[in-house]
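The numbers here are math on the coordinates, done by the rules we state, and not lab data. Everything numeric in this text was worked out from a predicted model, so none of it was measured. Because the Cβ atoms are built from the backbone with ideal geometry, glycine has one as well, and the counts that use them run over all protein chains shown.
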Amino acid sequence: MLTSDTSSVDFSNPIMIRTSSENGSFKIYKITVNPIFPLTDTGQIGCWDAGGNPQTCVGSGNDGEFTNTPNGRAFSGPKASNEYPNDYTTRNKVSGLLWKTCTEGKSGSTCSGGTATTQFWTSSSNLCSSLNSLNNGAGFAGKKNWRLPTILELASLNNYQNTSPTIDNNFFPQSVGSGYWSNTVNKSTVGNYQYVNFLNTTIGDFPDATAGNARCVSGNLPPNQSFTDNGDGTITDNRTSLLWQKCSDGLSGTNCTIGSANNSTWTIANSNCIGLTTNGKSWRLPNVIELYSIFDESISTSPYINSLFPNTTSTQYWSSTTYTSATTTGVLVYFNTGSAANLSKATTRPFRCVSN
């Protein structure tokens, strides 16, 4: 018997379970659940050298070498609701999130009906919440928790193997390429909100009075970030289960003040990470989704990252992901702004390695 107020999808409080025997005796067990947010692979399967030439993935350290890492991409849909057959949704089978298949303004199984509706941020947020009152109050597709996605949820829809549009068209047909709003505030510029551009995978920010597209999602918000300092130069991300270098590569010590951060080209960053042997683990340069998962929008000042990663440089950090529209460039996460964009692979920037 479940005796706490915890539901099947809310583990913010411990679960209290009471077991009873035939003689009337009973025992109560208290279970604490650590919420997780499984990340999906970027979808990138190709590998390219610094000159933009295709190369063998094995041993390269490139994103494409580590397919289905940390978890394979898995979507289902578009699917018509049983109760409301004109309402189509697409399920992310890894995170469990349910997405409205079509961009706001479009409809149908192939999203060929209507026209994409661009709105200011507030109007886009209201568009998503208004889905909860459709179907005589039952909600779009029978769901009543529609909202704008967080920037991490939205960015996870990018397929980094694709060129424009950089989203899986089989599951999200007729997607508009330009910017889609998230509900995430940009901390570096007051009044701006984060967006994803499905023309080119870019994560950036718009003033709230900019017209943008909306793709709504149903499901619980991701759990708050939670990290554990293992005391051995590594940090465990409790919600994704990834293991991180505590310090930027090249730094060490309790506060990461010993040495100098390695500002390296993309190729060297990949090579250094796969050559790392800390704790007998296999290390690699993180893909862009993994790297963005440790960006912390709750931090008030740059760099926007948890204090368990001390002395992080307030700049861009390399990911292992190539920008497929210009394969001489790699994708970086900007810990000083929350953006993600591409630069020449010959650019020197710091990096932080990851292990499963």
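Filter the trypsin sites (Lys or Arg not before Pro) in segment 79-186 down to the DSSP loop ones having no more than 16 other Cβ atoms within 10 Å, then list what survives.
In loop regions of segment 79-186 (DSSP not H, G, I, E or B), the sparsely surrounded trypsin sites (Lys or Arg not before Pro) are Lys93, Lys144.
Run down the lysines and flag those whose C-alpha is under 23 Å from the C-alpha of Lys281, throwing out any fewer than 8 positions away in its chain.
By straight Cα distance, Lys281 reaches Lys246.
What is the P(r) of the chain, as percent of Cα-Cα pairs per 10 Å bin from 0?
5, 23, 31, 23, 12, 4, 1, 0
Give a quick list of trypsin sites (Lys or Arg not before Pro) in segment 279-356 that DSSP marks as loop, anything other than H, G, I, E or B, with at most 10 other Cβ atoms within 10 Å.
Those that pass, being in a loop and sparsely packed, number zero.
Where is the GNM fluctuation largest for the chain (alpha-carbon springs, 10 angstrom cutoff): Gly177, Gly72, Gly231?
Sorting by GNM fluctuation, first place goes to Gly231.
Using a cut-off of 15 Å between alpha-carbon atoms, which aspartates and glutamates can reach Lys345, once sequence neighbours fewer than 8 places away in the same chain are excluded?
Candidates past the 8-residue exclusion: Asp49, Asp63.
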